[in-house]
Amino acid sequence: MKSYLPLIIGMTLVTYLPRLIPLALLNNRNINKNLKEFLLYIPYTSLSILIIRGVLTAADGMKIATVIGIGIAAIISYIKGNLVLSVLAGILLSFLTINTLV
């Protein structure tokens, strides 16, 4: 392929259009209360799927550190409700666990 520009433009359109079309079509419409409530849970569901997949596919030496990091992040998130603090604590504890075990 001589130029990657058509490929980049095509990938941009394929990525952007599915986000733009619903926004353009549902801009001034009233959405059902149940549908709106359902759509609020999608980010949490997506994040949960990524976390579970990360735990299940972690390398053999990383499984303990992964579970410990997720556990501490879940506990801090439940107690404090602060996303940034819980993620940083999970990363820090995972890092310390990996360095201690190796």
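Before moving on, here are some points about what is shown:
- Computed over the chain, the ratio Rg/Rh where both radii use C-alpha atoms and Rh is Kirkwood: 1.15
- Taking each residue as 0.36 nm, the span from N30 to I75 lengthens on full extension beyond its C-alpha to C-alpha distance by 12.4 nm.
- Once C-alpha pairs closer than 8 Å and six or more residues apart are averaged by separation and normalised to the residue number of the chain, the relative contact order reads 18 percent.
- Alpha-carbon centroid distance for the pair segment 1-49 / segment 59-92, whole angstrom: 29
- Projecting the Cα positions of I51, S94, P18 onto the charge dipole of the chain (unit charges on Cβ atoms of Lys, Arg, Asp and Glu, taken about the Cα centre) puts P18 furthest along the positive direction.
- When +1 charges are put on Lys and Arg Cβ atoms and -1 charges on Asp and Glu Cβ atoms, the dipole computed for the chain relative to its Cα centre reaches about 320 debye.
No value in this document is a laboratory result; all are computed from the given coordinates. All values reported here derive from a predicted model rather than from experimental measurement. Positions of Cβ are backbone-derived with ideal geometry, glycine not excepted, and every protein chain shown enters the neighbour counts.
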